[in-house]
Amino acid sequence: MKRDCDTAIKPQRESLASRYAGRTVVAIGAHPDDLEIGIGGTLAKLQKAGAHVVMVVASVPKDFEIRMAEARLGAKILGCELRLLIDDGPRRIEDLKTCDLVGLLDGVINDYQPAVLLTHSSADFHNDHLLIYNACLPTQRLAHFDFFSYHPTNCRPVPIAFHPKAYVDVTDTIDAKMHAITAHKSQFGGRGLDTEMYREFAHVQGRMMCGWCWLSRKTPPFAWSLANEVDQPGRLSRNRHFGWWRG
């Protein structure tokens with residue numbers, strides 16, 4: 001019989017939330033509301049499991065006071081610490097030189113020494129999101145930590161070629177995610193946009209999956225990994241506490 005290797009696909013005994021319990025999680029979004037939309041349920045789940053979760057907002061392009069108040073409320077709802085990367089008033093990420101942006105993100109890594117970093121992906125179409133993703137990549141030279149990219153965030157449903165390798169069940173935190181999203185009234189209620197599509201998207205993902213991924217503490221840091229949130233993944237499966245991680 002062929003011997004299993006360390007990279008073989010196999011079920012793990014520990015959840016994503018358990019992996020980071022008692023450790024620091026850093027999530028980085030380009031603007032206020034990106035983290036709530038992309039991984040709000042995951043961040044609430046990690047915090048609930050005992051992780052110290054830091055939500056890093058890179059910049060506020062305009063309406064600084066209003067959007068910062070909304071960001072603080074969103075972070076409070078999810079039980080997370082909030083940090084503003086560019087904190088000298090309204091700024092666009094593209095106004096910074098790449099080396100300066102990387103330097104600011106290096107400071108975040110040095111300050112928090114995270115066990116995992118979650119940020120935008122290369123599949124995103126928003127230029128600011130891509131700038132953050134590309135600036136996050138070189139921070140891995142500073143320390144060993146897991147690196148996840150989350151589904152591209154947007155205010156309207158847009159088809160995107162995003163192929164996640166990890167899924168997180170947020171059935172127990174989906175309401176917190178939705179509550180945190182609606183904290184950003186200037187981006188949704190004030191513009192007549194519906195937020196329920198985010199719940200529907202997570203639910204559809206859950207129906208397509210048999211369970212969520214389990215990760216082991218014994219495994220090395222993960223890089224270039226893509227993650228999606230799912231709601232109620234067990235409805236089509238007898239055993240919802242089962243899944244695979246593809247390294």
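The values are calculated or read from the model by the stated rules, or taken from the named source; none is laboratory data. For clarity, every value in this text was computed on a predicted model and none was experimentally measured. Note: ideal-geometry Cβ built from the backbone for every residue, glycine included; neighbour counts use all protein chains shown.
Looking at segment 74-103 only, could you name the residues that are over 25 Å from Leu16 (Cα atoms), aliphatic (A, V, I, L, M) and in contact (Cβ under 8 Å) with a residue 24 or more places away in the chain? Those that are over 25 Å from Leu16 (Cα atoms), aliphatic (A, V, I, L, M) and in contact (Cβ under 8 Å) with a residue 24 or more places away in the chain: Leu84, Leu85, Ile86, Ile93, Leu101, Val102.
Entry remark, segment 18-62: residues being acidic (Asp, Glu) and not in a helix (DSSP H, G or I) number 1 in total. Annotation: of all residues in segment 122-149 being surrounded by 21 or more Cβ atoms within 10 Å (Cβ to Cβ) and of a type in the set (S, T, N, Q), the one that is farthest from Gly103 (Cα to Cα) is Ser149. For Tyr112, all conditions in the list (1) within 14 Å of Asp34 (Cβ to Cβ); (2) surrounded by 15 or more Cβ atoms within 10 Å (Cβ to Cβ); (3) in contact (Cβ under 8 Å) with a residue 24 or more places away in the chain; (4) out of contact with any helix residue (DSSP H, G or I) (no Cβ under 9 Å at 6 or more places or on another chain) hold save one; what is the number of the exception? Failing condition for Tyr112: (1).
Any chance segment 12-25 includes a residue that's at pLDDT below 95, among the hydrophobic types (A, V, I, L, M, F, W, C) and farther than 28 Å from Ala71 by Cβ? Checked segment 12-25: no residue is at pLDDT below 95, among the hydrophobic types (A, V, I, L, M, F, W, C) and farther than 28 Å from Ala71 by Cβ. Of everything in segment 92-139 that is in contact with a Lys or Arg (Cβ under 8 Å, 6 or more places away or on another chain) and closer than 28 Å to Asp63 by Cβ, the residue that is modelled with the highest pLDDT is Val108.
Listed by first and then second residue, the pairs linking a residue in segment 17-41 that is closer than 22 Å to Tyr198 by Cα to a residue that is of a type in the set (Ser, Thr, Tyr) and outside any helix (DSSP H, G or I), with Cβ atoms under 6 Å apart and 6 or more places separating them unless they lie on different chains, are Ile28/Thr119; Asp34/Thr153; Ile37/Thr153; Gly38/Tyr150; Gly38/Thr153; Ile39/Tyr150; Gly41/Thr173. Among the numbered conditions (1) more than 28 Å from Met208 (Cα to Cα); (2) modelled with pLDDT of 95 or more, the only one that Ala180 does not meet is (1).
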